[in-house]
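So the structure is just underneath, and the comments pick up after that.
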Amino acid sequence: MHVARTFSATIIIVIALSLFAPLLARAQAPQSDLRATIRAELLADPRTAGLSQAELNAMVELLVGEAQKKGVTAGDIIWRPAEENFSSPVQKASECGTSWLCHASEAFGFAGSDPSIALWLGFAAMALITVVGLMLHHHRHGVHAV
């Protein structure tokens, strides 16, 4: 009986450690990864070239502490937005040429020279106005559908 209790207690301890070990390892890995990322970014900056090793270490520790308080990860630090090719307004104007429909589409925020979205929205608005108008007409004249 005593052996069974010891064995079951050992099994419970092993299971508990196996469940918490990844959490502890994951908590330590980002900190060292964060520390290495901050150090690399500081060393890449030419303004920190004149710092001594002690000053650099102090700055890294201070920044790691602040990053952990704010929940910043190493991925957040090294993330760079993808460069997008935004066309200038001059290029957009030249794409439309003299098409008033294209200019109207751009005025309502539809980019590009394809006016199909603006056309469909216009048709939908006309249909809605027609339905509302017919409903008001039937309501005023007492015409009821059978």
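A few comments on the model shown:
- Compared with the alpha-carbon gap, the fully stretched path from Leu56 to Phe7 is longer by 12.5 nm at 0.36 nm per residue.
- Count Lys and Arg as plus one, Asp and Glu as minus one, and take only other residues whose Cβ is under 13 Å from that of Gln53; the net charge is then -1.
- Full extension of the chain between Ala104 and Ala49 yields a length gain of 14.3 nm, computed as 0.36 nm times the residue separation minus the alpha carbon distance.
Every number in this text was worked out from the coordinates using simple rules, so none of it is lab data. As the structure is a computational prediction, the values presented were derived from the model and not from experiment. In this analysis, Cβ positions are derived from the backbone assuming ideal geometry, glycine residues included, and neighbour counts consider all displayed protein chains.
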